[in-house]
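The values are calculated or read from the model by the stated rules, or taken from the named source; none is laboratory data. All of these numbers come straight from a predicted model, not from anything done at the bench. All Cβ positions, glycine included, derive from the backbone under ideal geometry; neighbour counts span all protein chains shown.
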Amino acid sequence: MSRAAIGLDVGGAHLKIARVENKQLVAVRQIACPLWRGIDRLDAALDDGRSIIAGVDTFAVTMTAELTEIFESREAGVVALLQRLRERLTGELHVYMGLKGFGSPEAAAGDPMSVASANFLATSALVSQIRPRQLLIDMGSTTTDIIACDRPLGLTDAERMQTGELVYTGLTRTPVPSVATRAPLAGQWQGLARDTFATMADVRRILGSLPDDVDQHETADGRGKTQQESLDRFARGFGRDGDMRHLSTWRASAAYVEERQIRSIDDGALQVLSRPGTAIDGVVTAGIGASAAARVAVRLGLPSVTFGELIAAEDGQQLWATRCAPAVAVALLSPA
């Protein structure tokens with residue numbers, strides 16, 4: 001008899017869903033879930049994912065969405081999200097509680113801080129089972145996790161921002177001035193307006209390196225996602241108007257901003273690797289920014305493999321398995 005489980009990674013910007021049958025990944029998807037607009041957005045995302053969930057009554061859940069501003073505290077966020085999931089999902093609900101493994105919804109609600117933002121531990125636990133001595137670099141839309149999988153250090157976001165294991169920068173949603181406050185333009189340095197005129201998705205559209213299917217949210221100004229519109233937003237941060245006739249000049253500025261972001265991840269990785277007793281043989285890349293994570297691996301002089309390749313996902317599933325690694329991990333680790 002086929003044994004199936006659904007892995008859910010509930011984030012503040014996306015819901016990631018993975019379906020596993022007999023410990024083999026068969027479907028995975030990322031769905032926009034702007035939870036800052038209300039918890040009903042989780043309902044809509046679950047409805048959108050019904051085709052993957054259908055016919056399965058075992059769920060493994062991890063989350064980061066408790067950080068969303070609609071909740072008065074992280075603890076309250078965990079409890080509210082668990083309650084909503086219990087209302088919406090029929091069957092067994094196994095909640096990932098970090099180093100404590102999986103627990104019932106009741107146990108999780110009684111210990112919410114073990115549940116809060118523990119998804120990185122699920123991915124690192126699975127990686128360490130398959131291949132020891134690996135450094136996980138999971139770059140999502142908003143943040144980047146950098147974990148020595150055999151020996152994670154920080155357990156909370158606050159601790160991990162101290163240890164270098166969490167760098168609050170992502171492939172698409174990060175505002176440009178949180179990455180750089182100045183950039184070169186036409187042979188001169190120029191300070192940038194410290195306002196969210198543009199995001200790193202705009203930077204990568206200007207550079208022509210943003211995959212078509214990863215930027216699932218509105219732009220900073222609510223306008224479109226063409227290269228020209230991204231250039232207009234980016235240029236506004238320089239106090240200027242974008243001009244496609246000078247695209248090569250703007251691309252040099254955008255390349256500098258991207259380089260600053262990659263360097264910040266490299267810095268985090270070097271901090272993690274500097275801890276005494278840390279032994280790393282390679283890098284496992286994950287998230288929608290897995291290709292950027294691979295660039296960091298090159299700088300570190302380490303070989304890299306994507307999460308999808310590591311778990312031997314079928315070719316058609318490898319890309320999104322890599323992009324939705326925590327959802328896949330909890331599904332594979334679940335008691336089902």
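Listing for the model above:
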quantity: In segment 79-113, the residues that are among the small types (Gly, Ala, Ser) and over 18 Å from residue 125 (Cβ atoms); calculated: 80, 91, 104, 107, 109, 110
quantity: Segment 89-132, subset in a helix (DSSP H, G or I) and of a type in the set (Ser, Thr, Tyr), residue farthest from residue 48 (Cα to Cα); calculated: 128
quantity: Pairs with Cβ under 6 Å, 6+ apart, first in segment 112-123 and under 15 Å from residue 158 (Cα atoms), second aliphatic (A, V, I, L, M) and assigned to a helix (DSSP H, G or I); calculated: 115/78; 115/108; 116/78
quantity: Among the residues listed as 156, 90, the single one being more than 27 Å from residue 4 (Cα to Cα), surrounded by fewer than 24 Cβ atoms within 10 Å (Cβ to Cβ) and at pLDDT below 95; calculated: 156
quantity: Check on residue 242, at positive phi and part of a loop (DSSP other than H, G, I, E, B); calculated: no
quantity: Total residues in segment 37-58, condition of a type in the set (A, V, I, L, M), under 12 Å from residue 90 (Cβ atoms) and surrounded by fewer than 17 Cβ atoms within 10 Å (Cβ to Cβ); calculated: 1
quantity: Residue 86 vs. criteria within 26 Å of residue 214 (Cβ to Cβ) and not hydrophobic (A, V, I, L, M, F, W, C); calculated: no
quantity: Filter pass, residue 202 being crowded, with 21+ Cβ neighbours inside 10 Å and either in contact with a Pro (Cβ under 7 Å, 6 or more places away or on another chain) or among the acidic types (Asp, Glu) (or both); calculated: yes
quantity: Some residue of segment 257-275 being of a type outside the set (S, T, N, Q) and assigned to a loop (DSSP other than H, G, I, E, B); calculated: yes
quantity: Subset of segment 135-167 (residues that are within 13 Å of the chain's Cα centre (by Cα) and not in a strand (DSSP E or B)); calculated: 140, 141, 142, 143
quantity: Residue within segment 206-215 that is crowded, with 23+ Cβ neighbours inside 10 Å, modelled with pLDDT of 95 or more and farther than 30 Å from residue 312 by Cα present; calculated: yes
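Condition check ((1) at pLDDT 95 or above; (2) part of a strand (DSSP E or B); (3) small (Gly, Ala, Ser); (4) surrounded by fewer than 24 Cβ atoms within 10 Å (Cβ to Cβ)) across all residues:
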| site | (1), (2), (3), (4) |
| --- | --- |
| 284 | yes, yes, no, no |
| 299 | yes, no, no, yes |
| 318 | yes, no, no, yes |
| 321 | yes, no, yes, no |
| 328 | yes, no, no, no |
| 331 | yes, no, yes, no |
